[in-house]
4 protein chains.
Amino acid sequence: MTVRVGFVGVGGIAQGHLRNISSNPDSDLIAVCDVAEDRARRAAGAYGASSYTSFSEMIEKEDLDALYICVPPYAHGEIETLAAENSVAIFVEKPLSADPQTPESISKAINKAGIITSVGYNWRYSDMTDLALQQLKDRPIGLVVGYWMGGLPGVPWWRKKSMSGGQIVEQTTHIFDMARHLAGEVDVVYSAAGLQVMGDVEGLDVEDASAVSLKFANGAPGVIISTCMLSQGYRVMISVFSKDLALEHTQDRLRISVPGETREIKSKVNPYELEDAIFVEAVSKGDDSKIRCPYDEALKTHRLTMAANRSIETGQPVRL
Amino acid sequence: MTVRVGFVGVGGIAQGHLRNISSNPDSDLIAVCDVAEDRARRAAGAYGASSYTSFSEMIEKEDLDALYICVPPYAHGEIETLAAENSVAIFVEKPLSADPQTPESISKAINKAGIITSVGYNWRYSDMTDLALQQLKDRPIGLVVGYWMGGLPGVPWWRKKSMSGGQIVEQTTHIFDMARHLAGEVDVVYSAAGLQVMGDVEGLDVEDASAVSLKFANGAPGVIISTCMLSQGYRVMISVFSKDLALEHTQDRLRISVPGETREIKSKVNPYELEDAIFVEAVSKGDDSKIRCPYDEALKTHRLTMAANRSIETGQPVRL
Amino acid sequence: MTVRVGFVGVGGIAQGHLRNISSNPDSDLIAVCDVAEDRARRAAGAYGASSYTSFSEMIEKEDLDALYICVPPYAHGEIETLAAENSVAIFVEKPLSADPQTPESISKAINKAGIITSVGYNWRYSDMTDLALQQLKDRPIGLVVGYWMGGLPGVPWWRKKSMSGGQIVEQTTHIFDMARHLAGEVDVVYSAAGLQVMGDVEGLDVEDASAVSLKFANGAPGVIISTCMLSQGYRVMISVFSKDLALEHTQDRLRISVPGETREIKSKVNPYELEDAIFVEAVSKGDDSKIRCPYDEALKTHRLTMAANRSIETGQPVRL
Amino acid sequence: MTVRVGFVGVGGIAQGHLRNISSNPDSDLIAVCDVAEDRARRAAGAYGASSYTSFSEMIEKEDLDALYICVPPYAHGEIETLAAENSVAIFVEKPLSADPQTPESISKAINKAGIITSVGYNWRYSDMTDLALQQLKDRPIGLVVGYWMGGLPGVPWWRKKSMSGGQIVEQTTHIFDMARHLAGEVDVVYSAAGLQVMGDVEGLDVEDASAVSLKFANGAPGVIISTCMLSQGYRVMISVFSKDLALEHTQDRLRISVPGETREIKSKVNPYELEDAIFVEAVSKGDDSKIRCPYDEALKTHRLTMAANRSIETGQPVRL
């Protein structure tokens, strides 16, 4: 069956998905929706789809098999629920929300409806992640250190914690997800954070730096460091350490260091294309076994980043 | 006046100081003491000094102006106190002790005696540290990230927490001291730590990895990461971040990154020689104003690493 | 005056120029010509220009002030001559030709007509080149080492020496031009070259590796190394050395190394935009003083690469 | 049998050999000779050997099995000949001489005497060289690029071409030897060289930069670049290229780059120890099959560097 796909939200992050879905022989891009009418029209025109500004109207009028949800963090909730009630499979861009409760409700609706879901934690589809997991097989992990250290995104909503959830939730969530994927669940989280140097940016109330300590269920310690004060860019990476082994994993590279030898391997896979192809295939076949991050798996990552935020507020370690 | 210098402890760390003191025209190396008689004799022979195995005997018989204390962490206490009571200036190698109480008592004895003191936090004497401080002048610090990630030292006492204090206290203390020196005092510390992969090393009970979160009094967050599981070596560095500025400070390099340009500067100074020359000059002139880390300053760093250890034990943040 | 611009050749290299010319308020893109009719039509459509497959027809029918000549090396000659005869200013993409004689004839026609010319040696417009020249001011150059080491371009004509001139003439010419720009004229050139590993590529008869020794008029030695056997990419750079100074210049970076310090600076300028803006301004004002590589300057670089080719053939040093 | 070893020349380069020979259970260091009497006495004292200032006296009085010849380039000749006439095996430090004729005569004497010989091209004993050879097995070499780019050695004789042979002969000879070892014999050599920036150093008449083009017998081109104008150091390396393969070989590292992956391997072998152990074993057993660079093999490298020097003088390519 050819999968009939709609999009809600056709801003920046949607562009790659639009291209992938429109060029996939197993999917038809039939409708797009955006609160910005001209943006909806432009995407609809480019891909020969119908254009909407109301999501409820789109889901009512169009016979969708699957929906891409590419909206800002604060705009999640009703879209997912309505899609679930209409038995439409959903691909949700990260993060799941700017708050802790919304995704819990969505999860209930999804599970009630039994729809196929996938969340855009694209690092999971990288061949570098596969290789990292292979290197770590049968080796106890001793330490995890993650980084999302760079500049300030341009979109205004990112700078408001109520709208984006802050850097940990919106951006570094990829690294938190990788930490779980590579090293397992986290028991306790503690955050040191501040807003020391970006406070004069208009409308900004998110922390500009944080270090989130982790204690994994398996006993290993870790930390994930975030900052948005470095417009020159700095480091986006997760590193994992075992006895005499250092893995440094960026989105498209893996560096493996052991005594006497360092290897740097370059990715051959486009993880965005792969996550979209696997989602379309899953919907087409009614089999989600190849999807690497269904909604409830992403929810665990969301709980972790929300716990990190709670620790910022309380100044206390938070047990998950 | 020529400064008459004795040494207690002439193992590995003492060797550089012995060379510096013996070649300094303003100091005479007159006596050495070590519990290992052959080691004491060898050093005494090499530098034309008297040899002792009992410190109390040495301090009684020799007319010392200054004493280098280069003993393992667990062996501090009486030596410093006795030196203070005899009005002998002391140069103490880090760490001050393996426990929290001993240095507090020593400090009281020192202050009562009014002797000149210096502690071997040699990074403070690096021209790279001077340059880092200059770069940070009038810039609010946003984030501090420190690392002591390498292999396991060979000495057996290092592996026993009761004898060394563990990696944070014995080794990473240099980075904690630099964090204070560059970014100011720390209010709260929280540690995530583990012993996951080095547990099969005989006699080892120190953590093999830790991430110590810091909240500085000025509001900035930070983290200092330690591990001894990487025999290939990995990274010993403190990095400090401000708006569009990344400083990476290793013992002999400083890397300064701003938008559009990265500079890497190499040290021209031997900080060990400088700290010894300044100590001798201070004792000679009776003026300690050039000493960059007197005992009470080092004590603040010791309290910080001890607080990190306490957080490991309690699982709670510790306020300093 | 608004400069009325035509293009002959609208393949890959023309795309950036088309964008720059069409978005420059001082130029109108009025006509394009390509031997591939569909390619001509597509470009004409995209930029609202007239479309031609015959250059002589275009130059007759259109009232052009300036012409971009973006054709393969073997296709130069009549186009430039005809443009000169019609008093049309020309921007010529490198290399000037695949053979030594053609550009000599073109030069005569240009000088007779007195038209404004510019050649696409875009490195000359980089702020990194400006900075390199500034670093070298008043310092004698001791050594020049250049590199164009990478993979095999996809276009078939590149692989035929009669059509492209080979790698030295077609690709490494940028580095030869930079060598002249930074270190002055070359007196003697000697080439060691081979075709050892790419010989099984169909239709390929260009050398797959060469090292061209240079003796500059000022006395300094140098060498420029080319290879197309490394599909992973390797190094495209010119480095210049003076006493205690090493400059490494890539298209968008400059690394300056002196004792104790290394700086790496990143370009802030798009040299393609700048060369196009300066050409349009020159034609508009009738003043070519800002053009950094007029035809006769490029001709000197062409003579140098042709001398390198001649040395391959003869096995002897060639004096320029 | 325990090999009875003498040394002629106990300056800097001899120190490692002295240590290796004195600590090898299969060799006895019995006599040392140096024109500087105090240097001879010091070495003799340190290793319990007899001390000489006249080589002919030493070889007459001592019953030597083997001789280390660690003298400056200009001092070779009679020593080797006398050793050969006395049937003493010789280990000769590179280069063989500062001139082309001397080693030819020595070679004749050696071959007449049938003694065991070894020359100190220590790179040949590196495990990195073994690994490079293994990587190149069954792959045609397309290009060789070598570098000896650094500062000016301190010894006065180095700066006089008549005494050292110049940088190519004295220092870069290691890289020329590696080029032959990895890529085979060279047919033609051509040098571009200059003395542009170090001319004000007192007593210096060697070129301060050169680029020596090579054409290997197998058809591949290459170049070896030397300079002594960079006191900060720069690059000492030989790189070899084949289809989609780049090898970068420094004395203790090998970097292997292929599409998608780069490996950097660190040496585990001390090549100085290994060359000495193999030489002693060869003399002890009367079997030189493990020696990687006997005199006549080194002579081929010497002829190559001498040809490079001749090309500097004549300005013409030199055929070997």
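The values are calculated or read from the model by the stated rules, or taken from the named source; none is laboratory data. Every value quoted in this text rests on a predicted model; they were computed, and no experiment measured them. When we count neighbours, we look across all protein chains shown, and the Cβ atoms used for this are built from the backbone with ideal geometry, even at glycine. Note: areas computed on protein heavy atoms with side chains; ligands, DNA, RNA excluded. Shrake-Rupley method; radii C 1.70, N 1.55, O 1.52, S 1.80 Å.
Observations, loosely collected:
- Charge tally around C:Glu93: other residues with Cβ under 12 Å, Lys/Arg +1 each, Asp/Glu -1 each, net -3.
- Inter-label distance, D:Glu85 to C:Glu313: 5.8 nm, where each label sits 7 Å from its Cα along the C-beta direction.
- The rule of thumb for compact globular proteins, 2.2 N^0.38 Å, goes into the C-alpha radius of gyration of the range A:84-162 1.49 times.
- Per residue, chain A exposes an accessible area of 37 Å² to a 1.4 Å probe, with every protein chain left in place.
- Buried between A and B is an accessible area of approximately 3600 Å², summed over both sides with a 1.4 Å probe.
- Surface/4 of the Cα convex hull for the range A:178-231, nm²: 4.5
- Hydrodynamic radius (Kirkwood) for the protein assembly as shown, which is based on Cα pairs only, to one decimal in Å: 35.6
- The calculated Kirkwood hydrodynamic radius for chain D is 20.3 Å, given to one decimal from all distinct C-alpha pairs.
- GNM top mover of D:Tyr121, D:Tyr295, D:Tyr47 - chain D, alpha-carbon springs below 10 Å: D:Tyr47
- Expressed as a whole percent, the accessible surface of the range D:149-282 that belongs to carbon and sulfur atoms is 49, based on a 1.4 Å probe.
- Projecting label points 7 angstrom from Cα along Cα→Cβ for C:Arg253 and B:Glu202 puts them 4.9 nm apart.
- Under 16 Å from B:Lys285, Cα to Cα: aspartates and glutamates that are on another chain or at least 8 residues apart: B:Asp26, B:Asp28, B:Asp65, B:Glu275, B:Asp276
- The range A:1-134: relative contact order as a whole-number percent, Cα under 8 Å and 6+ apart: 20
- Cβ-Cβ distance of B:Lys300 and B:Arg139, R₀ of 22 Å, FRET efficiency by 1/(1 + (r/R0)^6): the value works out to about 0.45.
- Set of lysines with alpha-carbon distance to C:Lys137 below 17 Å, sequence-local pairs under 8 removed: C:Lys243
- Each residue of the range B:135-201 gets 126 Å³ once the volume of the Cα convex hull is shared out per residue.
- Centre separation in Å (Cα based) which lies between the range D:15-90 and the range B:96-143: 53
- Unit Cα scatterers, Debye sum, the range C:1-72: log10 I(q)/I(0) for q = 0.16, 0.18, 0.20 Å⁻¹: -0.44, -0.56, -0.71
- Here r is the Cβ-Cβ distance between B:Lys290 and A:Lys290 and R0 is 41 Å; the resulting FRET efficiency, rounded to 0.05, is 0.05.
- Square roots of five times the Cα gyration tensor eigenvalues for the range A:1-160, Å: 29, 19, 18
- Part-to-part distance (alpha-carbon centres) for the range D:149-204 and the range A:294-320, which is given in Å: 64
- Evaluated at q = 0.11, 0.17, 0.21 Å⁻¹, a Debye calculation over the C-alpha positions of the range D:191-320 (equal weights, vacuum) places log10 I(q)/I(0) at -0.63, -1.21, -1.26.
- Per-pair calculated FRET efficiency, R0 = 41 Å: A:Lys268 and B:Ser162 via Cβ, rounded to 0.05: 0.20
- Looking at the range D:187-289, the GluC sites (Glu not before Pro) that sit in a DSSP loop and have at most 12 other Cβ atoms within 10 Å of their own Cβ are D:Glu202.
- Environment charge at A:Ile69 (Cβ cut-off 13 Å; Lys +1, Arg +1, Asp -1, Glu -1): -3
- Each Cα pair under 8 Å and six or more residues apart adds its separation to the average, and for chain B the resulting relative contact order is 20 percent.
- Normalised convex hull volume, the range C:33-96, alpha-carbon set, Å³ per residue: 85
- Shown for the range A:1-115: the carbon plus sulfur share of the solvent-accessible area, taken with all protein chains present and a 1.4 angstrom probe, equals 44%.
- Cα-only radius of gyration and Dmax that characterise the range A:1-40, units Å: 10.3, 32
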